[in-house]
Structures are given as C-alpha cells and as structure tokens.
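Participant: Below are the structure tokens for one structure; questions will follow.
The values are calculated or read from the model by the stated rules, or taken from the named source; none is laboratory data. Since the model is a prediction, treat every value here as computed from it, not as a measurement. Cβ sites come from the backbone with ideal geometry, for glycine too, and all protein chains shown count toward neighbours. Heads up: the accessible areas ignore ligands, DNA and RNA and are worked out on the full protein's heavy atoms, side chains in. Shrake-Rupley method; radii C 1.70, N 1.55, O 1.52, S 1.80 Å.
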Amino acid sequence: MSIKALKGFKDILPDEVGLWQVIERKARDIFHRYGFEEIKVPILEKTELFVRTIGESTDIVEKEMYTFEDRNGASIAMRPEGTASVIRAYIENGLYVRGSVQRLYTIGPMFRHERPQKGRLRQFHQMSVEVLGSDRAMIDTEVMAMAWQLLQEIGLEASLEINSLGCPACRPSFKETLQDFINERIDHLCEDCKRRSVTNPLRVLDCKSDNCQEQYTSAPSIIEHLCEVCSDHFNEVKGALNLLGVPYRVNPAMVRGLDYYTRTAFELITTELGAQGAIGAGGRYDGLVKQLGGPDVPGIGFALGMERLVMLLSQKDAHESQSGLDLFLVTLGEVAYEKGFHLMQMLRSLGVRVMMDHEGRSMKNQMKQANKQKPRFALILGEDELAKREVALKDMDSGEQELVELATDFENWANVIKTKIK
Ligand code: HAM
C-alpha cells in the first residue's frame with residue numbers, strides 16, 4: 001500500500017503555490033513598508049519555551065503540542081506558534097542593542113495536534129509579526145492597521161474585533177469577579193468550563209457551547225474592570241483606529257487562547273470559512289520578554305493563517321499561475337531544436353520565462369503542451385520558418401500571429417523577441 005501524508009498535514013501542490021506566493025509577496029512588501037525585518041527561527045525549540053510563554057493551562061500546551069525526547073533525553077517541541085521563538089531569539093542574540101524598538105516578522109510552518117477540519121490543520125503556516133520595545137497605543141493601532149491594509153491589498157474582507165485584557169494590576173480582581181459569577185452557575189456549565197473556572201477563568205468566555213454562552217450573556221465585562229492606565233490605553237487605541245478609518249468592533253468576550261496577552265487583543269474574522277473564522281489574531285504581551293529572562297520591554301504582534309488566506313482568495317477565483325510563463329518555444333526538426341535551445345537560454349539570461357519541449361513531440365502535441373503551461377506567447381520555429389528566415393510569434397490570448405525576422409546573432413534575436421513580448 002502506498003504511504004499517505006499524516007492526518008492534518010497537507011501537500012501544497014504547484015497549482016496552489018501561485019496564490020501562496022502572491023500573498024507572501026504582498027505581505028513582505030507591506031511589512032517592509034512598515035519597517036519590519038524578517039527573522040528566521042528554528043522549528044524545534046525546548047518544550048519549556050512554549051510552556052512558559054503560551055501557558056500551562058492552555059489547550060495548545062495541554063493537548064496540542066508535538067513533543068518528543070531527543071537522543072539526549074531533552075524534551076523538544078515542534079513550534080505551535082512563532083512569537084515565543086522570536087522573543088527567545090531576540091533575547092538570546094541581544095537584538096535589543098540594535099535599537100530600542102525592533103520590528104520583526106517570520107513566515108513558516110507551525111504545528112498543533114488539533115482535530116483537522118476545513119481551515120484547521122496540524123501543520124499550518126503563519127506570517128507572524130512582532131514589535132518589541134514600545135508600549136505606545138499608536139503602535140497597537142499601527143500593527144492592526146498593517147494587518148488591515150494587507151487584507152485590503154490582497155482583496156479580502158474581514159472584521160476586526162478588539163478587546164483589552166487588562167494588566168497584572170487590574171486583571172486579578174476581574175478574574176475574581178468572573179470566578180464568582182461562574183460559581184453561581186457552575187452546575188449549568190460544561191465540563192471544560194468547570195475545569196477552566198479554576199485554571200483559566202477568562203477562557204470560559206470563549207466556550208463554543210451554546211448552553212454555556214447563554215449563561216455568559218450577563219457575564220461581567222473586562223472592559224468595565226480595567227484600571228485607569230489600561231482604560232486610557234484602550235481609548236487611545238480606539239481613537240487612533242477611528243482616525244485612520246479602520247472599522248472595528250469591541251468584543252469584551254474575546255479572550256485569546258494563549259496566556260501571554262495583556263491589554264489590546266484582536267482578531268480578524270471572516271464569515272466565509274465556516275467554524276474556523278479567524279484569519280489572523282494577536283495582541284500585546286508586555287511582561288513576556290522579562291518573564292523569559294530578557295529586558296523589561298513590552299511587545300505586540302499578530303499572526304495571519306496562510307491556509308485560511310489562501311482558501312479565501314481561491315474562493316474569490318483570484319488565481320495566478322505560479323510559473324507565469326512568458327513564452328513557449330515550439331520547434332520542429334533537429335536544426336530548429338538546436339537553434340531554439342540556444343535562443344531559449346539567451347532569452348532566460350535576459351529575464352524571459354521560457355520553456356520548450358525536449359521530447360521531440362509533434363507540433364500538435366507541443367502546442368497542446370504549450371496550452372497547458374499557459375504562456376503568454378508561443379514562438380514557432382520549424383524548418384520552413386528557418387528557410388524563410390522568419391519565425392511566427394503567437395499571442396496565446398488573442399491568437400494573433402506576427403512574423404519575426406531571424407537574426408544570425410542569437411543575442412540580437414533574443415532581444416528582438418524580448419521587446420515584442422514584454
Ligand atoms: P493564534 O490565534 O493561535 O495566535 O493563531 C493565529 C492565526 O493562525 C489564527 O488566527 C489562524 O488564522 C491561524 N491558525 C491557528 N491555528 C491554526 C490551525 N490549526 N490551522 C490553520 N490555521 C491556524 C498566535 O499564534 C499568536 N502567536 C499570534 C501573535 C503574534 N500574537 C502576538 N504576536
């Protein structure tokens with residue numbers, strides 16, 4: 001029996017890769033416009049890194065991490081997200097000495113042992129963005145505006161939901177208030193919520209059960225329990241979003257699945273993907289760098305899920321071929337094949353995307369092959385054409401054909417063809 005890929009692990013086939021490239025190219029362009037620099041971090045880290053950052057009582061750490069013991073008996077995890085690794089690298093390499101604010105992004109695969117479904121995989125890809133070194137509310141807004149702009153520029157619609165999760169000064173008292181509220185209804189709640197009411201009470205608000213959600217309609221709102229500093233910060237964030245005209249909705253029930261957040265938290269939601277509606281999410285994590293042994297610098301960031309972006313874009317039919325071939329060379333006979341081969345190499349060195357057939361197929365089959373590759377032009381080079389010293393350049397969209405005079409010098413010839421097709 002042939003070996004299949006693991007459940008929740010997906011091949012990204014050549015037909016789909018074009019869209020991935022469009023999104024990545026656009027994202028890099030926008031990230032660079034906002035002054036971000038790319039950082040590449042390892043896929044494997046010590047398990048402890050994620051336990052200490054994401055939080056012991058989160059779903060990710062409790063039941064979703066891929067962990068194993070290496071040959072020396074150390075516990076290793078395949079990264080379930082990018083933030084922890086970027087911060088580890090920031091501290092370990094002393095990146096803070098390069099300047100007080102660092103803007104970093106990383107793109108790559110993440111691993112979570114979740115139940116696979118549409119838009120939810122066990123290996124998925126994130127574009128993850130972090131700003132380290134500033135607690136200014138304008139940075140929160142700038143980061144959200146950047147995510148918003150990226151979605152707009154790739155032609156996707158989403159709604160931005162924001163919340164403030166408070167800070168160590170105000171969250172504990174809110175947790176107590178919430179815990180009292182939960183305890184009054186504990187018998188009506190699901191087992192998960194009962195457990196979370198002790199380990200991580202904020203997370204109960206995120207419960208997917210309709211029954212529990214009904215119980216939480218009158219739950220206390222964290223926004224009403226923020227300390228003055230957090231409240232001012234949140235107001236400033238909202239004011240700046242208004243100023244930029246970025247639409248948002250305040251959702252006091254939005255809590256994130258990772259424990260490191262403080263103050264601003266946000267999600268970009270779509271209704272077009274069924275249950276897995278979050279195409280991106282993030283927030284502020286002011287104590288995290290210090291907690292990991294680094295300097296006391298605040299941070300904020302977000303990650304976008306590539307698979308979900310690709311799914312949305314492909315639903316919109318915005319396909320783009322990966323190869324984007326400019327030209328397919330059709331040759332007939334040995335002499336034409338050799339000349340064509342030489343011409344093809346010359347065109348490639350001039351920056352033209354060009355392919356030809358090497359299997360000696362008939363002209364009809366070569367044209368069939370050309371149609372499959374979807375080049376913009378085909379150049380037909382047969383013995384007759386060579387004898388007449390002209391070749392036919394066919395526009396594959398309009399079907400129009402133009403005769404191009406053959407030059408003895410390949411460079412000249414390639415240059416003429418290049419100007420005709422560019
Ligand atoms: P997260 O909400 O866990 O945040 O993930 C961010 C995004 O990754 C989600 O909104 C979703 O689009 C995508 N995603 C997550 N899990 C899956 C999955 N199993 N399959 C497909 N896509 C998925 C974080 O990971 C934080 N590190 C974000 C962040 C950066 N916060 C601050 N900086």
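Residue-wise test of (1) of a type outside the set (A, V, I, L, M); (2) assigned by TED's automatic domain parsing to the domain that holds residue 164; (3) without any contact (Cβ under 8 Å) to a residue 60 or more places away in the chain; (4) in contact with a strand residue (DSSP E or B) (Cβ under 9 Å, 6 or more places away or on another chain).
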residue: 285; (1), (2), (3), (4): yes, yes, no, yes
residue: 290; (1), (2), (3), (4): yes, yes, yes, no
residue: 295; (1), (2), (3), (4): yes, yes, no, no
residue: 299; (1), (2), (3), (4): yes, yes, no, yes
residue: 309; (1), (2), (3), (4): no, yes, no, yes
residue: 336; (1), (2), (3), (4): no, no, yes, yes
residue: 378; (1), (2), (3), (4): no, no, yes, yes
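Participant: Restricting to the stretch 48-75, name every residue that is of a type in the set (Val, Ile, Thr), in a helix (DSSP H, G or I) and open to solvent by 20 Å² or more (accessible area, probe 1.4 Å).
Facilitator: If the condition is that a residue be of a type in the set (Val, Ile, Thr), in a helix (DSSP H, G or I) and open to solvent by 20 Å² or more (accessible area, probe 1.4 Å), then 51, 61 are the ones that fit.
Participant: Next question, about the same structure. So, in the stretch 244-267, exactly how many residues are within 16 Å of residue 147 (Cα to Cα), in contact (Cβ under 8 Å) with a residue 12 or more places away in the chain and either within 16 Å of the ligand (Cβ to nearest atom) or not in a strand (DSSP E or B) (or both)?
Facilitator: Looking only at that region, the number is 8.
Participant: Right, another one. Taking the stretch 35-47, which residues are closer than 30 Å to residue 148 by Cα and open to solvent by 50 Å² or more (accessible area, probe 1.4 Å)?
Facilitator: 37, 38, 40, 42, 43
Participant: Then there is this: Determine if the stretch 308-327 includes at least one residue that is over 30 Å from residue 22 (Cβ atoms), among the acidic types (Asp, Glu) and open to solvent by 10 Å² or more (accessible area, probe 1.4 Å). Steps first, answer last, please.
Facilitator: First, the residues of the stretch 308-327 that are over 30 Å from residue 22 (Cβ atoms): none.
Checking the stretch 308-327: not a single residue is over 30 Å from residue 22 (Cβ atoms), among the acidic types (Asp, Glu) and open to solvent by 10 Å² or more (accessible area, probe 1.4 Å).
Condition check ((1) in contact (Cβ under 8 Å) with a residue 24 or more places away in the chain; (2) more than 22 Å from residue 334 (Cβ to Cβ)) across all residues:
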residue	(1), (2)
362	no, no
368	no, no
382	yes, no
385	yes, no
395	no, yes
400	no, yes
419	no, yes
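Participant: While we're looking at this one, here's another question. How about the stretch 268-315: which of its residues are among the aliphatic types (A, V, I, L, M), within 12 Å of the ligand (Cβ to nearest atom) and more than 25 Å from residue 131 (Cβ to Cβ)?
Facilitator: 273, 275, 310, 311, 312
Participant: Same structure, new question: Identify, please: which residue in the stretch 115-148 is more than 14 Å from the chain's Cα centre (by Cα) and polar (S, T, N, Q) and is, among those, modelled with the lowest pLDDT?
Facilitator: Looking at the filtered set, the residue picked out is 117.
Participant: Still on this structure: Can you spot a residue in the stretch 219-235 that is under 23 Å from residue 279 (Cα atoms) and among the β-branched types (Val, Ile, Thr)?
Facilitator: No; the residues of the stretch 219-235 include none that is under 23 Å from residue 279 (Cα atoms) and among the β-branched types (Val, Ile, Thr).
Participant: Let me ask something else. Six or more apart or on different chains, Cβ under 6 Å: which pairs go from a residue in the stretch 218-241 that's farther than 13 Å from residue 163 by Cβ to one that's of a type in the set (A, V, I, L, M) and assigned to a loop (DSSP other than H, G, I, E, B)? Could you list them?
Facilitator: Qualifying pairs under 6 Å: 227/169.
Participant: Which of the residues belonging to the stretch 108-147 are hydroxyl-bearing (Ser, Thr, Tyr), more than 8 Å from the ligand (Cβ to nearest atom) and open to solvent by less than 10 Å² (accessible area, probe 1.4 Å)?
Facilitator: Of everything in the stretch 108-147, just one residue is hydroxyl-bearing (Ser, Thr, Tyr), more than 8 Å from the ligand (Cβ to nearest atom) and open to solvent by less than 10 Å² (accessible area, probe 1.4 Å), namely 141.
Participant: Against the definition (assigned by TED's automatic domain parsing to the domain that holds residue 262, within 33 Å of the chain's Cα centre (by Cα) and open to solvent by 40 Å² or more (accessible area, probe 1.4 Å)), how does residue 161 come out, yes or no?
Facilitator: On the way: assigned by TED's automatic domain parsing to the domain that holds residue 262: yes; within 33 Å of the chain's Cα centre (by Cα): yes; open to solvent by 40 Å² or more (accessible area, probe 1.4 Å): no.
No: the conditions fail for residue 161.
Participant: Step by step: first the residues of the stretch 1-17, then only those that are open to solvent by less than 100 Å² (accessible area, probe 1.4 Å) and either over 16 Å from residue 115 (Cα atoms) or not in a loop (DSSP other than H, G, I, E, B) (or both), then the one that is nearest to the ligand (Cβ to nearest atom). Which residue is that?
Facilitator: Applying the filter and picking the extreme gives 12.
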